[in-house]
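The structure appears right after this line, and notes come after that.
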Amino acid sequence: MSADLDALADPDLVSLYLATRAQRVFATIVMRHKQPLYRLIVAQVRDADEALDLVQETFVAAHGALARFDTTRSLRAWLARIAINKCRDWARRRRVRNFLSHILPLHATRDVVDDTVNVETAAIGRDTLARTLDAIGRLPAALREPLLLCTVEDLSQAEAAEVLGISVKAVETRVRRARAALSTSA
């Protein structure tokens, strides 16, 4: 039966899940989309462990909102929008923690945030990749998000526009500006 599920298009999987609530159907959706979402999220947050947590949060949120999904649209773009929103929430929480760590007494900060680099990230050791990710990370979100969606996740500009809630022309312009900013920082 799982081979049959793999052959179904995303809208058909969503409809089947909503009709049956069969966990194996939702598991097929997860298996199909978890890697692209992980790549998108890890490029945003630059922390493999946090990215895994955010992928889970994305699917939990998607599961709860699946009844509102418009099957005439791209499921991948819809999931990417949820993932980006989860990344934005994570970044806000992190900024608050960092702020609090500077105003709380020194002994209280150990429970607020741990900014140490994890071993896996440190072991990568690829200077070019690290510099590129750092440069992408310094881009404003308005430029970074369209760039990652179109280049890393290989979404069309129309899909990226849908994810971000902006026009296709705005995506095109922002991707061009992001590339220009990256080429000047290199």
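Of all residues in segment 170-186, which are of a type in the set (Gly, Ala, Ser) and either part of a helix (DSSP H, G or I) or in contact with a Cys (Cβ under 9 Å, 6 or more places away or on another chain) (or both)?
Those that are of a type in the set (Gly, Ala, Ser) and either part of a helix (DSSP H, G or I) or in contact with a Cys (Cβ under 9 Å, 6 or more places away or on another chain) (or both): Ala170, Ala178, Ala180, Ala181, Ser183, Ser185.
Looking at segment 1-102, what helices (runs of 4 or more DSSP H) fall wholly within it and have at least 3 residues that are among the acidic types (Asp, Glu) and open to solvent by 50 Å² or more (accessible area, probe 1.4 Å)?
Passing ranges, in order: 48-65.
For segment 64-82, what are the residues that are over 23 Å from Val152 (Cα atoms), touching a residue at least 40 places away in the same chain (Cβ under 8 Å) and of a type outside the set (Phe, Trp, Tyr)?
Residues satisfying the conditions are Leu66, Ala67, Thr71, Thr72.
When segment 162-186 is examined, which residues are found to be farther than 20 Å from Thr58 by Cβ and small (Gly, Ala, Ser)?
Across segment 162-186, the qualifying residues are Ser167, Ala170, Ala178, Ala180, Ala181, Ser183, Ser185, Ala186.
How many residues does segment 130-156 hold that are modelled with pLDDT under 85, farther than 22 Å from Phe69 by Cα and open to solvent by 50 Å² or more (accessible area, probe 1.4 Å)?
7
Tally time: how many residues in segment 157-169 are in a helix (DSSP H, G or I) and either surrounded by fewer than 15 Cβ atoms within 10 Å (Cβ to Cβ) or without any contact (Cβ under 8 Å) to a residue 24 or more places away in the chain (or both)?
Residues meeting the conditions: 5.
Between residues in segment 47-63 that are of a type outside the set (S, T, N, Q) and residues that are not in a helix (DSSP H, G or I), which pairs lie under 7 Å by C-beta distance while being six or more apart or on different chains?
Asp47/Asn118; Ala48/Asn118; Asp49/Asn118
The values are calculated or read from the model by the stated rules, or taken from the named source; none is laboratory data. Bear in mind the structure is a predicted one, so any value in this text is a computation, not a measurement. Neighbour counts run over all protein chains shown; Cβ positions are idealised from the backbone, glycine included. Keep in mind that these areas ignore ligands, DNA and RNA; they rest on the heavy atoms of the full protein, side chains included. Shrake-Rupley method; radii C 1.70, N 1.55, O 1.52, S 1.80 Å.
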